[in-house]
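Just so it is clear, none of the values below were taken in a lab; they were calculated from the coordinates. Please read these numbers as outputs of a predicted model, since none were measured by experiment. Positions of Cβ are backbone-derived with ideal geometry, glycine not excepted, and every protein chain shown enters the neighbour counts.
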Amino acid sequence: MLRSNGHRPYVVEGDDPAEVHESLAATLDALVDDIADLRSDRAAGSKLPAWPALVLRTPKGWTGPATVDGKPVEGTWRSHQVPLPAPREDPGALEALEQWLHCYWPEELFDDRPPQAAPRRAGPGR
């Protein structure tokens, strides 16, 4: 589908976080190089480039809890729902939610500085 719509798909897939991380980093480097080439080709008058599209294939609910109340979540339809519906009432669910959110390393992503507004753009793509 992506090819028929004029894109060049780059596929990263797997279920081992370390391997997917390495593959994704290498693929993103290739995508950046590809986009730079396309921009220079476009500046030279080339038409209709096949822009890259990233396809990431990992298990459903990969970063969330693997099981909740003895039922599998990761890799099942349950991963598309709220996996921990009552963390306020259920201490076990609250603990699972805290573990899940800490896997994103919030202490490295956030600090005490107030958020800054994004700069306004003059127009699309500028």
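Residue order for T63, T58, fewest other beta carbons within 10 angstrom first, comes to T63, T58.
Find out how many positive minus negative residues lie around E74, taking Lys and Arg as positive, Asp and Glu as negative, among other residues whose Cβ is under 10 Å from that of E74.
Details: positive: K60, R78; negative: D15.
Result for the local shell: +1.
In the chain, the longest principal axis of the Cα atoms and the axis of helix 91-102 are about 30 degrees apart.
Using equal-weight Cα scatterers in the Debye expression, the normalised intensity of the stretch 60-113 in log10 at q = 0.16, 0.25, 0.29, 0.32 Å⁻¹ is -0.51, -0.97, -1.14, -1.24. Centre-to-centre separation between the Cα atoms of the stretch 1-79 and those of the stretch 82-117: 25 Å. For V73, nonlocal amide neighbours, meaning residues 5 or more places apart or on other chains whose placed amide H falls under 5 Å from its own, are T67, V68. Computed 3J(HN,Hα) for the stretch 105-119, one whole-Hz value per residue from the Karplus formula 6.51 cos²θ - 1.76 cosθ + 1.60 where θ = phi - 60°, is 6, x, 5, 8, 8, 10, 9, 7, 5, x, x, 9, 5, 5, x, glycine and proline marked x. Computed from Cα atoms, the angle from the helix 17-43 axis to the main principal axis of the chain rounds to 30 degrees. The charge dipole of the stretch 5-111, taken about the Cα centre with unit charges on the Cβ atoms of Lys, Arg (+1) and Asp, Glu (-1), comes to about 740 debye, rounded to the nearest 20. Taking the Cα atoms of the stretch 1-58, the ratio Rg/Rh between the radius of gyration and the Kirkwood radius comes to 1.07. Net charge of the neighbourhood of P59, taken over other residues with C-beta under 15 Å away and scored Lys/Arg +1, Asp/Glu -1, is -2. In plain terms, the chain from R8 to L54 could stretch by 15.7 nm, reckoned as 0.36 nm per residue minus the Cα-Cα distance.
When P(r) over Cα pairs in 10 Å bins from 0, in percent is calculated for this entry, the matching label among [x] 10, 23, 28, 25, 11, 2, 0; [y] 11, 27, 24, 18, 13, 6, 1, 0; [z] 14, 48, 31, 6, 1 is [x].
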